[in-house]
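Worksheet: the structure to be examined is printed underneath.
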Amino acid sequence: DDDDDDDDDNDDDDDDETSKRSTPRKVEENTMGIFPLPPTLTQDALSVMESSAARFELPRRDAALVSTKKFFQTAFDEHPRHVDGVGNDGESSFTSIRAITLHACYQNIETTRIVCEVVQRLLEDRKADEFALALDVLLSLLEIDDSLSLDRTNMVLDTVVAGVAHNIRYEKESTTILIGLCDTLAKRTMRSHGRPCDVMLHNWVLDNFPTQMLEEWFRRPNTSVEVRQNIIAVIKRLIVTPSMGYNGSSSSNLSTDTSIPRKREAMGSYQNEVVTLPKRRRPSRVVESADSINGTNETKLPPLSKPVSLIATEQQQSIINDDDDDDIVVLGVVKGPIATMKKDQDEAEAVASEQEKHGEVIVAVSVNDGSSGNMVLSPFCDPFVVKERVLSHLITIFGDVNDAIRAQGSSKRNGSASHHNGSYLDTSAFAEYFETLRLCITGAEFEKGLLLHRYHGIHKQLASLLWKIDEEGRSERRSSADIAKGELVLLYESIIEFHPEVGNELLSNFAPQNSGRLDGPIDVDHDEEEDNSDSDSIGVAGGRRHRGGCSGNNTDVDAVDHLAKLLEVYVTSARSNEWYNTTYMSHYYSLLLLLADRHAEFRRRLLGHNNWRWSLRAFALSNTAGDSGPLFQTIFDGSMHYVIESEEFRSDIISMLASESCDGGKRSLITQTRLETGTLRLLLQILVSERQHNDAGNAMNSFIDDHRGLTQLSLAVHKFNQRLDDDVREGSKVGERSSTVLGGLSLALQCLCCILGSHGLNQVRSLMSVWPEADDVNFLCHKLVTKEWEKCFDQDSLTENQVESVRVVEYANELLRILASAEAIAEAEVV
């Protein structure tokens, strides 16, 4: 073309010109010290630039080829469906296209606009699988930090919004776009300050989610459940939680480890200068009215600080302007040798983490080379303000969520959901909504207006929804491992922990209250079933099933006994639910204990309820129970605490422990074949409490007289000792895991000492007359006292097991002393 023949004087000039235009131009070294390296360079390019003292400029013709709409259309539309091409830098062709696009858009808003237009067209015209690369590249533009970041953020997110709005009727396409945005948001750092581009993205979503995502998309009548859930997932990413680690796959590489600053990397001849300011005071979070919900009293987001280093200085601009070669187009300027912006960012983040420990906030990291450039870390919005805004707006869609979950039981759903009686129900639907609500609960005063029923909050409907889901699980219309139910339980626990008034409302059955406290005892008639030894697999508290009052949107929840509903939440000890029970139902029992600690009447009802005893048996003591974990610990610790305080509870637990309901009705929990120590620990706590409260003759006498307690403990001693002898006889020394054997043996002997020590010697003589195993126990204690314990332990567990063996010998000696004293008195009386 004509451009190829600008100089026709001779062929040599043409050859020189062609060579000149096809090779990046190298600028004099003495002008290189003022140009920062763009963060969009590949690692190979970074190595070349850092090892050279030159600036490279792309010829106009080459620049035009990689910045046209046709180029991006071809790149996004014709990339290999299966990545098998490899670029010169070892990256896949998929990644190479993204890298080229990012570099072309750096400091170039026109190229960014072209990319957005091309991607928007693909989002509107193609299926999800066909616009995957285009969407990935579009969202990657949000990671570019330059002087145009704010404009680029608005442009990219407008494209995303247009893509979702166009595809809102198509579930796969809409969810693909929303998941991409969600993943991009999740890459932010947990710290209070971050890269300006991350802060801009965070603030844009925080500003626009109420209207754009909730009002226009979520509340749209025909929006699918899947799309709605992904909208919630995007909003959830606005909240910083301790579980949010930085995603190492991101290009920003912001470390979440704030305890160890990164080592300073080689910075050439330039040093970093840190500028700090006192940390700003946190704004007040108490809202006296509902203005925050209506948007009239919203806190303004913090202003953004732009990275000044990305703006060309006068010296830089003069070099560019003085270039009289019209064939050179500066898409971006680079220089060497100086640390890259990425390295500067890492350095800033490392110093920021240290400074935040001392109450200071990083404002900028400057390059001390005489230039005016610096690297700025912008502040994220106060996390409490974010939670307030998110909670206030999510509460407004609770009615939509409530209706959608209630409607699940009346419609079949295809997909990877649980199958029950021919119906497909996705029990995780809207679970993330309840999780997000929980993450926003901080105990602020304004939350009461959103939650409490007396302030027209959601509490009453929330309780009704929980009972509805629970009843459908009991009737097998929903999975027993119901994720939405589990998240509701977690939410309830968090709300009641921060706002005791919510617990008061629930226990008073939402009766009108002026004081916000229970005015009197709660007296709800309740029929309880006796313990059933064959019901270890399913726990239906009290044996009752409430069929009415909780179905449909017009439920009259005033007629529901909320206290009974809470105590009778459906729980199963099936092995398939082990993860679910550990993750979620442990918090259900924590909730019960929290209310029991605050309300005496509720505590009385809880301890007398069959459901608690069933749970203790199923999850802590029987063959279906575990030996540790949050579920075991919550139930067991709660029981250990309340057997100290309640005499009635002690009697109930004694009956449960000593009843022969294990191993086909042949053994009790004390004598069961399973080796565990929880039963004996609980029994010992009961016996000690009886002795301390001078209650001997109640639970203790019932254990001795009604349940042959001394015989059961003798069998327990024999069981643990036999296991110890078997291990030694087989040549396998007692190891760390077998410490349960020594612990059980020690506890059984201690229980016997506690019972006999609570009686006088004459009474002990009487007990020995009805204790057939007394002589066997006496003989066994002699063997334990004279045993060579060192030969029983391996070296790895020697210290721990030696301590436990000392206890065994101690209680064996004590038991021998008591028995010998009783025998001495008997002999003296005969003489």
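The values are calculated or read from the model by the stated rules, or taken from the named source; none is laboratory data. If you're wondering where the values come from, they're calculated on a predicted model, not measured in any experiment. Please note: Cβ atoms are built from the backbone with ideal geometry, for glycine as well, and neighbour counts cover all protein chains shown. These accessible areas exclude ligands, DNA and RNA; they are computed on the full protein's heavy atoms, side chains included. Shrake-Rupley method; radii C 1.70, N 1.55, O 1.52, S 1.80 Å.
For region 744-793, the solvent-accessible area of protein heavy atoms averages 46 Å² per residue (probe radius 1.4 Å; ligands and nucleic acids excluded). Report note on the peptides 199-208, 585-594: ranked by the mean count of other C-beta atoms within 10 Å, highest first, their order is 585-594, 199-208.
Averaged over its residues, region 545-689 has an accessible area of 36 Å² per residue, based on protein heavy atoms and a 1.4 Å probe. Note on residue 624 and residue 43: the model spin-label points, each 7 Å out from Cα along the C-beta direction, lie 5.3 nm apart. A simple spin-label model places the labels of residue 655 and residue 241 4.2 nm from each other, with each point 7 Å out along Cα-to-Cβ.
Length gained on full extension, residue 816 to residue 788, computed as 0.36 nm times the residue gap minus the Cα-Cα distance: 8.2 nm. With equal scatterers on the alpha carbons only and no solvent term, can you work out the Debye log10 of I(q)/I(0) for region 111-200 at 0.24 1/Å? Taken in order of the listed q values, log10 I(q)/I(0) reads -1.20. For the residue pairs 666/783; 187/387; 70/187, alpha carbon separations beyond 26 Å are given by 666/783; 70/187. Take region 446-499 with all the other protein chains still there, run a 1.4 Å probe, and you get 27 Å² of accessible area per residue. To put it simply, the accessible area of region 618-716 at a 1.4 Å probe is 42 percent carbon and sulfur.
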